[in-house]
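Undergrad: The structure's right below; bear with me while I get my questions together.
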Amino acid sequence: MISDPLVMPLARELLECYRDALADHPSPPAHVGLRPGTTVDFLLSSLGDDECCEGLGWVRPDTFYPSSNAAGPFPAQDEAPTKQGVLAWAVTLELGAVRCAPTPGPETIPSNEEWDTTTQAVMDDAAAMRRAICCFIERKQGRKQLVLPGIWQPVQVQGGCVGGILPVTVRGPVCDCVEPSSS
């Protein structure tokens, strides 16, 4: 069995901070976990649950690339090989959360109060993302200079789901050239 020593430990640590931050939410998402892929499909529900309407939060491994200061300060991407090989990696992880948008009835439209409540929940999720990044930074001495949060953005509405994503780029281990563990 191959064990990823670079991306997954960082993703799991950020997820733990995110779960803790979301626990303080007035209405925490029911489903919080790691998600793979280029995007998260909000409508892939499991066991008959509607993950979006119950609240869905995630950490998604996004990209990683060599960033050893050869091309400039972190997180600049190395563009030429170095004599020592890869000295450090920049790992980008995505924090995300979605909620169910108010749904109109056959003879009604969502009220301003319903939209206000949904907007508040989405912004509370965004605040939890920021707190998770702070927690992640504080867990390791010297990490402050090695974490670069990106721009929070609303997600494309999908199946009546609304929310946002926030990427964070972390400088990974200097070298992860270790032998894979075998089981």
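Undergrad: Taking H as built 1.01 Å from N, whose amide H comes closer than 5 Å to the amide H of residue 34, not counting residues under 5 places away?
TA: For residue 34, whose amide H was placed from the backbone, the distant partners under 5 Å are 59.
Undergrad: So, with +1 on the Cβ of K and R and -1 on the Cβ of D and E, and no other charges, what is the size of the charge dipole of segment 106-178 about its Cα centre, to the nearest 20 debye?
TA: Here the size comes out at about 820 debye.
Undergrad: Let me ask you something else. Could you give the angle, 0 to 90 degrees to the nearest 10, between helix 112-138's Cα long axis and the longest principal axis of the Cα atoms of the chain?
TA: Around 20 degrees separate the two axes.
Undergrad: Right, something else. What spacing in nm lies between the two simple spin-label points modelled at residue 54 and residue 79, each 7 Å away from Cα in the Cβ direction?
TA: 4.8 nm
Undergrad: Relative contact order of the chain, please, whole-number percent, based on alpha carbon pairs below 8 angstrom and at least 6 residues apart. Please report the intermediate quantities before stating the final value.
TA: Details: 330 pairs, mean separation 50.8, N = 183.
Relative contact order here is 28 percent.
Undergrad: Please build a GNM for the chain, connecting alpha carbons under 10 Å apart, and tell me which residue among 172, 72, 163 fluctuates the most.
TA: 72
Undergrad: Same structure again: For the chain, find the longest principal axis of its Cα atoms and tell me its angle to the long axis of helix 7-23, 0 to 90°, nearest 10.
TA: On a 0 to 90 degree scale, this one is about 30.
Undergrad: Find which of 14, 109, 146 sits farthest along the positive direction of the dipole of the chain, computed with +1 on the beta-carbon of Lys and Arg, -1 on that of Asp and Glu, about the Cα centre.
TA: Result: 146, furthest along the dipole toward the positive end.
Undergrad: Taking the highest mean first, how do the peptides 53-63, 29-39 order by number of other beta carbon atoms within 10 angstrom per residue?
TA: Working: 53-63: 21.1, 29-39: 14.2.
Most protected by this proxy first, the peptides run 53-63, 29-39.
Undergrad: Would you mind checking which residues have amide H under 5 Å from residue 150's amide H? H placed 1.01 Å from N; only 5 or more apart, or other chain.
TA: When sequence neighbours closer than 5 places are left aside, the close amide H contacts are 168, 169.
Undergrad: Determine the dipole magnitude for the chain: charges of +1 sit on the beta-carbon of Lys and Arg, -1 on that of Asp and Glu, nothing else is charged, the reference point is the Cα centre, and the result goes in debye to the nearest 20. Working shown, then result.
TA: Numbers: 13 positive and 23 negative charges, 186 e Å.
Approximately 900 debye in magnitude.
The numbers here are math on the coordinates, done by the rules we state, and not lab data. For clarity, every value in this text was computed on a predicted model and none was experimentally measured. Glycine also receives a Cβ, built like all others from the backbone with ideal geometry; neighbour counts cover every protein chain displayed.
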